[in-house]
Amino acid sequence: MPSESDTGSISSTSSRQLCDLDEYSLEHVFLFLSVADLDRCVLVCKKFQHIIQRFVFPKKCLRALVGGSPCGAALSLYAFTRRKRVKLDENWRYGRYEERSYFNHNVMYISQLAIDRDWLYITHRGRLQAHRRTKDRQMVATGSQWVMGVARDSDITSLVQMGDRFLMGRMNGQIVLYDPATTRSYSQTVTNDIIKAVDFNTDVYAVTTKNDSTYILNRSSLELEPLSMHSDGLLTESFVFPEAYETIKLNSNQLVGGKFHCSKKQALQLIDLFSCTMIQLNSPSMAVYDVLWMDEHCILSGNFDTTMRLIDTRTGGDEACWTDPYNASVYCLSYNGTYAVHCGMKYHHRANLYDIRVPNRCVQMYFPSKKHNHYSPVYSIAADCSQMFLVTDHNLRILNFDADWAATKDYAAM
């Protein structure tokens, strides 16, 4: 038989309530709750309210896959609270969004895309157009604020934005530098071949073609001068690498390039800009459609073999790999600077969301809400913490995740 002291301790333990726990224990419990449950707990007492608002939402925001990214928040029109950013992250994970399509055209054309906090930049044939992003349900103004170029100009095949400047490559072998602040542009013919991809940083410009070579150009002596239509020889050729790539990306001292086809499964290569030497990366892929730098040493690649791979240049090999659940090639990539990678896929206007902390698992897939009679890939993708922009061969699709009322379209468990 239990003694009187044992009986007293049992009754005192059983009578303890959740609010009797210390702050650290309550914080740990609350971290497992959804935003809807936390909103109810806030109403219980001031102690719960203090813990949730002071500790739980900030910590959940730091761990959030999409909503917690400082880069994504900087691109957004809205200054979201921590609670709202956690709620946005839930919407991303569970597929809760509204969808709109813009700039529909019957003739198949692949536009290039870039975004910043206030503007959406999109190309159509030979023109670069700027559309103001809005805070209403339309999300973007259909009328352009400014246009660079005319329709009869050679088609723009590649677009890169750095700060307030743009670098474009055209089908006729020209590159174009454009500064919207001064409305000045500069064109230079680099090759007679079609330009496939361009990239630039402070004083180094990289251009690769469809069949020819990869060109490294410098602008060190004239970097501080304004763009001018009469700046002859603004970019001087540094060296030419005798390989053509489908995609290229620069960092401070290296250029990574992905080939459209390599039968030896050595499609990913690294070029050292100081020594002008090529380094073969041991990432087994027959074709690479898009690459980007996560940091100074790590690369993400979107591949023909239905995978997205994380490669460390210090080891030269794959550190992680994600495979598409439907065996579709990865056409384009967007990284939010923390944990989330958005991928544009080959079929059905589909985009995938991956978490770099969880290898070989797709967090969510986003399919179009309307049935289409064509099955376009996603050729270009961009995202902030609440919206995702997808370029198909017939339109631009915008998914708005700041839509708590929208129906859930959860394909993660399929």
Quiz item: Going by the alpha-carbon gyration tensor, a ≥ b ≥ c the square roots of its eigenvalues, is region 319-360 rounded (a/c under 1.5) or, if a/c is not under 1.5, prolate (a/b greater than b/c) versus oblate?
Solution: oblate
Quiz item: Accessible area per residue, 1.4 Å probe, Å², for region 138-196: what's the number?
Solution: 46 Å²
Quiz item: Between [x] 68, 49, 42; [y] 95, 48, 47; [z] 86, 45, 41, which matches Cα extents along the principal axes in Å calculated for the structure shown?
Solution: [y]
Quiz item: Quick one: Cα centre-to-centre distance for region 286-350 and region 72-137, in angstrom?
Solution: 21 Å
Quiz prompt | Qualifying trypsin sites (Lys or Arg not before Pro) in region 134-191, DSSP loop, other Cβ atoms within 10 Å at most 14 | solution = LYS135, ARG137, ARG152
Self-check item: Net length gained if the chain between THR183 and ALA403 were fully extended (0.36 nm per residue, minus Cα distance)
Solution: 75.5 nm
Quiz item: Which parts of region 331-360 would a label at ALA79 reach, counting a residue when its backbone N lies under 18 Å from a point 7 Å out along Cα-to-Cβ?
Solution: none
Practice problem: Could you pull out the longest piece of the chain with no exposed loop GluC sites (Glu not before Pro) in it, calling a site exposed if DSSP puts it outside H, G, I, E, B and it has at most 16 other Cβ atoms within 10 Å? | Solution: 1-222
Quiz item: Amide H neighbours of ALA197 under 5 Å, counting only residues 5+ apart in sequence or on other chains, H built in-plane at 1.01 Å?
Solution: THR208
Exercise. Return the aspartates and glutamates within reach of LYS264: Cα separation strictly under 18 angstrom, same-chain partners fewer than 8 residues apart disregarded; answer none if there are no such residues.
Key: GLU243, GLU246, ASP305, ASP318
Quiz item: Quick one: length gained pulling ASP22 to TYR326 fully straight, 0.36 nm per residue minus the C-alpha distance?
Solution: 104.7 nm
Exercise. Pop out the ³J(HN,Hα) list for region 242-257 in order, Karplus 6.51 cos²θ - 1.76 cosθ + 1.60 with θ = phi - 60°, rounded to Hz; leave Gly and Pro as x.
Key: x, 9, 9, 10, 7, 8, 9, 8, 9, 10, 5, 9, 9, 10, 9, x
Exercise. Would you compute, from DSSP H runs of 4+ residues alone, the mean residue ellipticity of the chain at 222 nm, taking -39500 (n - 2.57) per run and dividing by the full residue count, rounded to the nearest 500?
Key: -4000 deg cm²/dmol
Quiz item: Can you list the HN-Hα couplings for region 396-401, worked out from phi with the Karplus curve (6.51, -1.76, 1.60; θ = phi - 60°), rounded to whole Hz and with x for Gly and Pro?
Solution: 10, 10, 10, 9, 9, 8
Quiz item: Which FRET efficiency, nearest 0.05, do PHE239 and LYS135 yield, Cβ-Cβ r, R0 45 Å?
Solution: 0.45
Exercise. Taking a cut-off of 19 Å between Cα atoms, list the lysines near LYS346, but don't count ones fewer than 8 places away on the same chain.
Key: LYS196, LYS259, LYS370, LYS371
Exercise. Report, by chain and number, residues whose modeled amide H sits under 5 Å from the one on SER144, excluding near sequence neighbours (fewer than 5 apart, same chain).
Key: none
Quiz item: Taking amide H positions as placed 1.01 Å from N in the peptide plane, with prolines and chain starts having none, which residues 5 or more places from SER380, or on another chain, fall under 5 Å of its amide H?
Solution: VAL391
Practice problem: Calculate the dipole size of the chain relative to its Cα centre from +1 charges on Lys and Arg beta carbons and -1 charges on Asp and Glu beta carbons; express the result in debye to the nearest 20. | Solution: 1160 debye
Quiz item: Extension gain HIS297-GLN280, at 0.36 nm per residue separation less the Cα-Cα distance, in nm?
Solution: 4.6 nm
Exercise. Among the trypsin sites (Lys or Arg not before Pro) in region 286-349, which ones are in a DSSP loop with at most 13 other Cβ atoms within 10 Å of the Cβ? Mind listing them?
Key: ARG314
Quiz item: So, with a 1.4 angstrom probe, what is the percent of accessible area on the chain that is carbon and sulfur?
Solution: 51 percent
Quiz prompt | Accessible-area ranking of VAL204, VAL291, largest first, probe 1.4 Å | solution = VAL204, VAL291
Quiz prompt | Normalised contact order of the chain, rounded percent, pairs of Cα under 8 Å and 6 or more residues apart | solution = 14 percent
Quiz prompt | Inter-label distance, nm, simple model (7 Å from Cα along the C-beta direction), HIS105/SER15 | solution = 7.6 nm
Exercise. May I ask which of LYS84/LYS409; LYS87/LYS249; LYS135/LYS409; LYS46/LYS135 have a Cα-Cα span longer than 26 Å here?
Key: LYS87/LYS249; LYS46/LYS135
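The values are calculated or read from the model by the stated rules, or taken from the named source; none is laboratory data. All values derive from a computational prediction rather than experimental measurement. No Cβ is skipped: glycine too gets one built from the backbone with ideal geometry, and neighbour counts run over all protein chains shown. Side chains included, ligands, DNA and RNA excluded: accessible areas come from the protein's heavy atoms. Shrake-Rupley method; radii C 1.70, N 1.55, O 1.52, S 1.80 Å.
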